[in-house]
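Student: Please find one structure pasted underneath; my questions will follow.
Values quoted throughout were computed directly from the atomic coordinates according to the rules given, and no laboratory measurement underlies them. Note that the structure is a prediction, hence the values are computed from the model and not measured. As a convention, Cβ positions derive from the backbone with ideal geometry for all residues, glycine included, and neighbour counts pool all protein chains shown.
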């Protein structure tokens, strides 16, 4: 009888250790997925940030007296480039999108600028980049959802906090910032 008790105890301990290791490895895998997805957002945002100085240089000769609009784009870009949490980054990106949208709205008043090859190329490149950011953000949010669900689910929730796993924030804008910037061409 004592041998059976020892065997059952050892089996229970081994089973618990196997479960803990498996849970830990699953949490690490999901956390790394979130980090990888954030890296993809970062790559696309860097691409976007690199495009903006080219845009400003291209429109400078047309919009020399629209300095405030161009300065707002520069300020928003500088703020967005600072390291931030996902939520803060999303808000900074929304401000940057708004500033770029304002720049395009002002550009609508300048027929020569609207038809300028540099401006047209930039708008096409920015549109492509915005789509890539959108896909990267969706992948990130999917990864965060999977990770957060795992650390909140029983029985992983019993281990997750003790092992240093905490919830991640989604990359999403709030309120009117959720609307995409629309550029129209005549």
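Student: Just want the ordering: 72, 35, from fewest to most Cβ atoms lying within 10 Å of their own Cβ. List each step's numbers first, then the result.
Tutor: Numbers: 72 17, 35 13.
Arranged by neighbour count, lowest to highest, 72, 35 become 35, 72.
Student: Kindly put 49, 62 in sequence by how many other C-beta atoms sit within 10 Å of each C-beta, fewest to most. Don't skip to the answer; put the middle values down first.
Tutor: Details: 49 15, 62 18.
Ordered by Cβ neighbours within 10 Å, fewest first: 49, 62.
Student: Taking N as the number of residues in the range 2-178, what is its alpha-carbon radius of gyration divided by 2.2 N^0.38 Å? Each step should come with its number before you reach the end.
Tutor: Details: Rg = 24.1 Å, N = 177, 2.2 N^0.38 = 15.7 Å.
Taking N as the residue count of the range 2-178, the ratio is 1.53.
Student: Continuing with the same structure: Cut-off is 10 Å between beta-carbons; in what order do 74, 23 appear when sorted fewest neighbours first?
Tutor: Working: 74 14, 23 19.
Lowest to highest Cβ neighbour count: 74, 23.
Student: Given the Cα-Cα distance of residue 24 and residue 75 and 0.36 nm per residue of separation, how much length would full extension add, in nm? Working shown, then result.
Tutor: Working: separation 51, 0.36 × 51 = 18.36 nm, distance 4.23 nm.
Taking 0.36 nm per residue and subtracting the Cα distance, the gain is 14.1 nm.
Student: Can you give the angle from 0 to 90° between the axis of helix 86-107 and the longest principal axis of the chain, with both taken from C-alpha atoms, to the nearest 10?
Tutor: 20 degrees
Student: Using only helices, what value at 222 nm comes out for the chain when you add -39,500 (n - 2.57) per DSSP H run of length 4 or more and divide by the total residues, to the nearest 500 deg cm²/dmol?
Tutor: On the way: 6 runs with 140 residues, N = 186.
Rounded to the nearest 500, the figure is -26500 deg cm²/dmol.
Student: OK, next. Hey, how many Å between the Cα centroid of the range 1-46 and the Cα centroid of the range 119-146?
Tutor: Comparing the Cα centres of the range 1-46 and the range 119-146, I get a distance of 32 Å.
Student: Relative to the longest principal axis of the chain, what angle (0 to 90°, nearest 10) does the C-alpha long axis of helix 67-80 take?
Tutor: Long axis of 67-80 versus the principal axis of the chain: about 10 degrees.
Student: Given Cα pairs under 8 Å that are at least 6 residues apart, what percent is the relative contact order of the range 2-178? Present the calculation step by step, with values, prior to reporting the outcome.
Tutor: Values: 129 pairs, mean separation 61.2, N = 177.
Here the relative contact order equals 35 percent.
Student: For helix 2-60, what angle does its Cα long axis make with the longest principal axis of the chain, in degrees from 0 to 90 and rounded to 10?
Tutor: The helix 2-60 is inclined about 10 degrees to the chain.
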